[in-house]
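The values are calculated or read from the model by the stated rules, or taken from the named source; none is laboratory data. Fair warning: this is a prediction, and the values are worked out from it, not measured in the lab. Positions of Cβ are generated from backbone atoms using ideal geometry, with glycine treated the same way; all protein chains shown enter the neighbour counts. Please note that ligands, DNA and RNA were not included when accessible areas were found on the heavy atoms of the full protein model with its side chains. Shrake-Rupley method; radii C 1.70, N 1.55, O 1.52, S 1.80 Å.
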Amino acid sequence: MRHGFRLSQFKENVQENLPLHGENGVATETRANDFVVFDHVQKSYDGVSLVVKDLNLTIAKGEFLTMLGPSGSGKTTCLMMLAGFETATNGEIRLDGRNINLVPPHKRGIGMVFQNYALFPHMTVGENLSFPLEVRGMGKDEREAKVKRALDMVQMYSFINRRPAQLSGGQQQRIALARALVFDPSLVLMDEPLGALDKQLREHMQFEIKHLHESLGITVVYVTHDQGEALTMSDRVAVFNDGKIQQLAPPADLYERPENSFVAQFIGENNKLPGVIEELSEGKALVRLATGELIDATPVNVTAKGQKTLVSIRPERVEFKPEMMPPGAHMIGAEVIEVIYMGDILRARLKVAGSDDFVMKMRNTLGQTKLSPGETIRIGWHPQDARALEPM
Amino acid sequence: MKKILTLSTALTAVAFAAQADVTVMSWGGAYSQSQLEAYAKPYTAQTGVKVNMVDADNPATPVKAMVEASNVTVDVADVEYADAIRLCDEGMLETIDPAMLPAAPDGTPATEDFLPGALTDCAVSTIVFSTVFAYDTSKFPEGPKSIADFFDLEKFPGKRAMRKGAKANLEMALMADGVPAADVYATLETPEGLDRAFAMLDKIKKDTIWWEAGAQPPQLLADGEVAMTTAYNGRIFAAAVAENKPFQVVWDGQVLEYDLFVIPKGAPNLEEAKKFVAFATDTQRLADQAKWISYGPARKSSGPLVGLYQDGKTEMGPHMPTSAENLTNALPSSYEFWVDRDSELNERFNAWLAAN
Amino acid sequence: MTDVPPLLTTADGRPLKAALASAQGRARRKAFYLVAPLLLFVVFSFILPIGQMLHRSIYHDGFSSTAPNLSAWFAANPSGTEPDEAAFAALAADLAEMKKNKTAGEAATRINYTVSATRSLFTATARKADKLQPPFKEALLAEDAKWGEPVIWQAMRAASNPYTTDFYLIATDRARGADGGIEQVPENERIYLWLFGKTFILSGLITFICLILAFPIAHLLATLPMAKSNLLMILVLLPFWTSLLVRTTSWIVLLQGQGVVNNILVSLGMIGEDGRITMIYNQTGTIIVMTHILLPFMVLPLYSVMRTIKPSYARAARSLGATSWTTFRRIYLPQTLPGIGAGALLVFILAVGYYITPALVGGADGQLISNLIQFHMSKSNWSLAAALSGMLLVGVLLLYWLYDRLVGIDKLKLG
Ligand SMILES: Nc1ncnc2c1ncn2[C@@H]1O[C@H](COP(=O)(O)OP(=O)(O)OP(=O)(O)O)[C@@H](O)[C@H]1O
Ligand SMILES: [Mg+2]
């Protein structure tokens, strides 16, 4: 009986939440080139809590979309629903205009690369690649040709008779990639495919994947929690947190124009200064900090004077030389706590507005001014580099 | 400290050995019980020597293994005739001089008082038991009367149980096939006779369960697993009289045998063992045993002393395999035959049993 | 210019190869000392007894040691020599010796293994041996005409050598004929080869049933959440924790004619009162009970292998276009092979050697070869029991070899 009770309670929740999400949700009118569509998709594993909360997402044909987010934010779950290994609790997933909620995974024709590669250990590389072709009833000659082409693509043809256990991590990764592509799927899903590789190899593989994506014209949905990876590879990035997409935007927008404080914090390094809106005019805001100082910012999701806000500024956009500042811009006092030498840049930690975790990055150029701890300076920024966000 | 401990243990062991329990190995169930009551308890009462009873499916088997391994732990064993002869031939038993056995109350020496063949070089008979068949009266109110009925599934449908072994089964099969008791062994000596016996067994083979321990057949009857079973007559008697089970013994075609006491070579308490055997096989003791189980005493002088069953009302006479009315069609088992043919016929029996 | 590569040396100038060898030698010696106790244990508790058993299967001195005179005569006179007066005199002397030492039974037992119904010939004649007077041939023949039969003499000649293949002949349903040639025993006495076959077939069947039953159970165990799988595991292991006899007895209670299963079937009206099914005291009983007892030995290796198979393999296969059946057949099943192999080998070998269960619930047609081995042991016919065991051992080793050829022993995974 207890089970029944929980289930009905859960259903109520869904109904309650629906209109709310309708208001907040991204517009989802289907466009012609929308290849993959998540339409008000919700997912719960236990009937108590939602792991994916009202997901609306459209992916265009040929696009490279990355799902980025902290652990447990529901990225894999979304991917599994798309691949057909999990069913959406509510809502609809469409592939090429067709509702695929009830289509079993093997009929979806989606290529998939797993985090741990999932190469079949009892088969050779060649057999692994041949497998998807065999189950499609392809003839031997055709199979061999396709396997060769796919292996050549990742420069692994000479390994065709090895077993997965005899390959290095990077080599296995390439085979997994080749296997996901060998049967010419138009959509490929990758769940943290480079997670187990070292930095160098990862960067190399990022390049290769991107290259394959471009040359084959396939659609890729890519999951990672490495933001660098997301930013370098993707056409668009969907930042996940707590089962919701926080922002869906091209990498540059994401970095430079985060729409909420979560994204601002999650993508790259950011300084945060809490304050109150003092003045709000067309595209410009003046914010008063707790210490009474005034700073410039661009309003993003603040609407009224007197509202609390969190101003975020990238460390590399902070200036301390007055001659670099636009006319009329405000500057505030800061005390140098320490300066860390990092090779290409110098990183200074400053005490600003009472808290000492403000970071400023300076290029390590020949004539760069040397700051020393204890020194007091004045810092400032271009108004468009500081974003006044609603505090979390 | 440790030394003292060891020493005291050794001393206790010596004290123990001096007191010398007698260990008797027998067949278990009602039979061992009767030996305990009739022999062991009075012996302990008289001499103070404790008697341990241990059970085996067939004591001859462990005795042989113990003697071969030179690790004998029993002093006296209760075995069948053929085994007594064989073990004796192989030098595995102590010889028992009949002179050490007590004479009958009227002075008749033991050698004359025991039934013919009851004394051998190494063994003293205690009882005459018989393999009979018995049935459940609630299943057959108009019960089977002859050994032929046991093999007649049409007249008396239902499962059968027999001992898993050649002995007694082959004899009974031939008697059921109409061979007079006197000719049974002569017939079995011939290949045709043997085939005839097996052909008879074939008739009931698929409906037969094979038992190994003497306690099993009354259990199988009681559980309703079988309608009829061969059994040692005393076991059926014990179940029918002591436990009021509706079991009836059919004496027709019974196979009589002696059971004997032997002393294995290397028995730990040889002197005590001899004293116990002498005590247990005197006239009164053998007569007393019939109070507890329906096996006939192996001494002539014990016959008249047999009285009532321990319940005080059942007359033992009609339940004895040796009583005249039960002997109309009875066969004394031939040890000469079985000593010689035991392994060959059991081999054949096993082959027959395993074949479909 | 030479092509000889420079000799590599360690920092202190020793040749690299020698240094490596001594370093490895040290490690190897250490390893040996560690396993030495186990090695000794195995030698004493396993290799020696098995060697002794195999020795017994070809060695029986019951006659040769008790009949030294006759053995000497056989040694001096080649096979085929008519027994002369000297032979009979030797026989008489041996019989007298047997009477004195009470060894006639022992000698008779040995001869009786090859020629039946000769036991009393020895024991009866030995009893009167010291009264025999020359000429011994007449005297012995007068005692029993059987002493003149060539079969007896042939058997005695064979038995005068303690090393013999007789027991292997018996174990393969063969015997020496009157002319000394080897022939099959009469059809109604043939049992061993047939029973070997039956044992192997039944064991195979039991192994197969175990596999069919264990596979889903092991899969469940490997995939269920911990709490549930632990409970299930306890149920699977329960048979291990109850004594064999208790288990077997419970099966008797369940399966017998008046047992629980039949009673339920009757009360449900599925069978009539006289249509009670015989499920015990026959082959069916042996199969049911042995399957139950051996099931854990199949479940455990399967489980331990399945636990290591990541669900992502199946997902990968599905995403590549395989149906769930193809995924099972091509991806899952091959990866469980080491477990299947180990479980099957374990169950099969255990089944082949089982005797308590068939003895208790097997009735007549549910007996296996081990029951006969046990039977001969109980009759103290150690040599025949050893010969049968030896053949069983060879059969199992053969199977092991076959397994190695087909699957590879290195693929065995026991847990
Ligand atoms: N099979 C499952 N049953 C129950 N809960 C699950 C299951 N799979 C995932 N979850 C829960 O759903 C939430 C989202 O999981 P998901 O695997 O989608 O996260 P993720 O974003 O991929 O995280 P990561 O970056 O660590 O891989 C987590 O809280 C997780 O505990
Ligand atoms: Mg994940």
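Could you please find all residues in the range C:95-140 being open to solvent by 60 Å² or more (accessible area, probe 1.4 Å) and either assigned to a helix (DSSP H, G or I) or of a type in the set (A, V, I, L, M, F, W, C) (or both)?
Correct list: C:Glu97, C:Lys99, C:Lys100, C:Asn101, C:Glu106, C:Arg127, C:Asp130, C:Lys131, C:Lys137, C:Glu138.
Can you confirm whether the range C:354-374 contains a residue that is over 18 Å from C:Gln283 (Cα atoms) and either of a type in the set (Gly, Ala, Ser) or open to solvent by 10 Å² or more (accessible area, probe 1.4 Å) (or both)? Yes: the range C:354-374 contains one or more residues that are over 18 Å from C:Gln283 (Cα atoms) and either of a type in the set (Gly, Ala, Ser) or open to solvent by 10 Å² or more (accessible area, probe 1.4 Å) (or both). Within the bounds of the range B:289-307, is there any residue that is open to solvent by 10 Å² or more (accessible area, probe 1.4 Å), within 14 Å of another protein chain (Cβ to nearest Cβ), at negative phi and of a type outside the set (Gly, Ala, Ser)? No.
Figure legend. Inter-residue proximity from the range C:283-307: first residues under 25 Å from C:Pro225 (Cβ atoms), second residues among the charged types (D, E, K, R), beta-carbon distance below 9 Å, spacing 6+ or different chains. Indicated pairs: C:Pro301/C:Lys413; C:Ser304/C:Lys413; C:Val305/C:Lys413.
Assess whether C:Ala155 counts as being touching a strand residue (DSSP E or B) at 6+ places or on another chain (Cβ under 9 Å), in contact (Cβ under 8 Å) with a residue 24 or more places away in the chain, within 14 Å of chain B (Cβ to nearest Cβ) and not in a helix (DSSP H, G or I). The answer is no for C:Ala155. Number of residues in the range C:102-130 that are more than 31 Å from the chain's Cα centre (by Cα) and more than 7 Å from chain B (Cβ to nearest Cβ): the value is 9. Of the strands (runs of 3 or more DSSP E) lying entirely inside the range A:33-134, those carrying at least 1 residues that are away from chain C (no Cβ under 14 Å) and within 28 Å of A:Gly195 (Cα to Cα) are A:34-43, A:52-60, A:64-68, A:90-95. Only residues that are buried (at least 16 other Cβ atoms within 10 Å of the Cβ) and in a loop (DSSP other than H, G, I, E, B) were counted in the range B:111-139, giving 6.
Scanning the range A:109-121 for residues that are on the phi < 0 side of the Ramachandran plot and in contact with a helix residue (DSSP H, G or I) (Cβ under 7 Å, 6 or more places away or on another chain) yields A:Ile110, A:Gly111, A:Met112, A:Val113, A:Phe114, A:Asn116, A:Leu119, A:Phe120, A:Pro121. When C:Met98 is tested against (1) within 11 Å of chain B (Cβ to nearest Cβ); (2) in contact with a Phe, Trp or Tyr (Cβ under 9 Å, 6 or more places away or on another chain); (3) within 29 Å of C:Val185 (Cα to Cα), exactly one condition is not met: (3).
Scan the range C:265-287 for residues that are more than 14 Å from chain B (Cβ to nearest Cβ), surrounded by fewer than 20 Cβ atoms within 10 Å (Cβ to Cβ) and closer than 25 Å to C:Ile206 by Cβ and the total you get is 1. Of the helices (runs of 4 or more DSSP H) contained entirely in the range B:190-247, those carrying at least 1 residues that are over 22 Å from B:Gly29 (Cβ atoms) and facing another protein chain (nearest Cβ under 9 Å) fall at B:191-205. Considering only residues of the range A:164-184 that are within 12 Å of chain C (Cβ to nearest Cβ) and surrounded by fewer than 21 Cβ atoms within 10 Å (Cβ to Cβ), which is nearest to the chain's Cα centre (by Cα)? The extreme case among them is A:Asp184. The listed residues are B:Ala168, B:Ala161, B:Ala173, and the only one of them that is away from every other protein chain (no Cβ under 13 Å), out of contact with any Gly (no Cβ under 8 Å at 6 or more places or on another chain), in contact (Cβ under 8 Å) with a residue 60 or more places away in the chain and under 26 Å from B:Asp57 (Cβ atoms) turns out to be B:Ala168.
Confirm whether A:Leu189 is modelled with pLDDT under 90 and surrounded by 18 or more Cβ atoms within 10 Å (Cβ to Cβ).
no
For the range A:209-249, the tally of residues that are more than 29 Å from A:Ser312 (Cβ to Cβ) and buried (at least 17 other Cβ atoms within 10 Å of the Cβ) stands at 6.
On inspection, B:Gln254 passes the criterion of being buried (at least 21 other Cβ atoms within 10 Å of the Cβ) and of a type outside the set (Gly, Ala, Ser). The residues of the range C:339-378 that are within 10 Å of another protein chain (Cβ to nearest Cβ), over 15 Å from the mean Cα position of the chain (by Cα) and not acidic (Asp, Glu), listed by number, are C:Ala359, C:Leu360, C:Gly362, C:Gly363, C:Ala364, C:Gly366, C:Ser378.
Screening A:Ala252 against (1) open to solvent by less than 30 Å² (accessible area, probe 1.4 Å); (2) in a helix (DSSP H, G or I) leaves a single unmet condition, (1). Test A:Ser261 against the stated conditions and say whether it is away from ligand 2 (no atom under 16 Å from the Cβ), under 18 Å from the mean Cα position of the chain (by Cα) and not assigned by TED's automatic domain parsing to the domain that holds A:Lys53. When the stated conditions are applied, A:Ser261 passes them. State whether the residues of the range A:52-67 include one that is away from ligand 2 (no atom under 16 Å from the Cβ), farther than 19 Å from A:Val220 by Cβ and charged (D, E, K, R). The answer is yes; a qualifying residue exists. Go through the range C:176-188 residue by residue and tally those that are surrounded by 17 or more Cβ atoms within 10 Å (Cβ to Cβ) and within 14 Å of chain B (Cβ to nearest Cβ). Number satisfying all stated conditions: 1.
Only residues that are away from ligand 1 (no atom under 16 Å from the Cβ) and either touching a residue at least 60 places away in the same chain (Cβ under 8 Å) or surrounded by fewer than 17 Cβ atoms within 10 Å (Cβ to Cβ) (or both) were counted in the range A:109-121, giving 5.
Quick check on the range C:141-148. Is at least one of its residues assigned to a loop (DSSP other than H, G, I, E, B), at pLDDT 90 or above, of a type outside the set (D, E, K, R) and surrounded by 15 or more Cβ atoms within 10 Å (Cβ to Cβ)?
No - not one qualifying residue is present in the range C:141-148.
When we screen B:Thr12, B:Thr73, B:Thr108 for residues that are hydroxyl-bearing (Ser, Thr, Tyr), in a helix (DSSP H, G or I) and either open to solvent by 10 Å² or more (accessible area, probe 1.4 Å) or at pLDDT 95 or above (or both), the only hit is B:Thr12. Determine whether the range C:208-216 contains at least one residue that is closer than 29 Å to B:Val226 by Cα and open to solvent by 40 Å² or more (accessible area, probe 1.4 Å). So far as the range C:208-216 goes, no, none of its residues is closer than 29 Å to B:Val226 by Cα and open to solvent by 40 Å² or more (accessible area, probe 1.4 Å). Can you name the number of the only condition in (1) out of contact with any helix residue (DSSP H, G or I) (no Cβ under 8 Å at 6 or more places or on another chain); (2) away from ligand 2 (no atom under 16 Å from the Cβ); (3) in the same structural domain as A:Gln246 (by TED's automatic domain parsing); (4) over 27 Å from A:Ala264 (Cα atoms) that A:Thr124 fails? Exception for A:Thr124: condition (3).
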